[in-house]
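Computed from the coordinates by the stated procedures, all read-outs in this text should not be read as laboratory data. Note that the structure is predicted; figures quoted are calculated from it, not measured. For neighbour counting, all protein chains shown are included, and Cβ atoms are generated from backbone atoms with ideal geometry for every residue, glycine included.
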Amino acid sequence: MRTPKIEALHRLIDWLNSRSNLKVEPIFKLGLDNSNLNTNPWLSGFIEADGKFYFCFKLNAEGIAAELKSYMRISQQRLYSNNSLILEKNNSNFFIMEKIKEFLNIKKVTEIKINKENFIELSYEIRTTKKTSCEILTNYLSVYSLFSSKYQDFYLGLNLIK
């Protein structure tokens, strides 16, 4: 695992280990996976879950598509109670989004903070708007393919414009 969700998994493992009446070895907890993103299909699965592909165009005066744009967007959000607001980047998805940003050669991770009556929504977002970022993503997904209908979105959006 690469995200703060590992903390919930560790709590589950502790709970299971504390209740084991069997004479079996306790479940061993692993740390965060810090391997390079281009060495395994983790990012492909992350995109399947939280990525979106966009494809749009502008029509010229003759009604022909003249300006084509495509990009992939990933966002991660977390809700915080107003009473116990702790916006710590150590316990957020900021670090994994920062690693994805670096891997895809994206300029920045955008932070979006929305204040609601009873909670605050904090999200992080990246977009592959540069050609180099799209090429890195295309090369990665040619090795670690998408398997859902997002594959079609990827293929049409990012490969059609090449």
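The table that follows gives values for the structure above.
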{"read-out": "Most mobile of 27, 120, 106 in a GNM of the chain (Cα contacts under 10 Å)", "value": "27"}
{"read-out": "Percentage relative contact order, the chain, counting C-alpha pairs under 8 Å, at least six apart", "value": "24 percent"}
{"read-out": "Degrees separating the helix 94-103 axis from the principal Cα axis of the chain, which is the longest one", "value": "40 degrees"}
{"read-out": "Which labelled figure in [x] 1, 7, 14, 16, 15, 13, 11, 9, 6, 3, 2, 1, 0, 0, 0, 0; [y] 2, 8, 17, 21, 21, 16, 10, 4, 1, 0, 0; [z] 2, 9, 13, 18, 21, 16, 10, 6, 3, 1, 1, 0, 0 is P(r) over Cα pairs in 5 Å bins from 0, in percent, once derived from the coordinates", "value": "[x]"}
{"read-out": "14 Å beta-carbon shell around residue 5, net charge (K/R +1, D/E -1)", "value": "+1"}
{"read-out": "Debye, to nearest 20: dipole size of the chain, +1 on Lys, Arg Cβ, -1 on Asp, Glu Cβ", "value": "120 debye"}
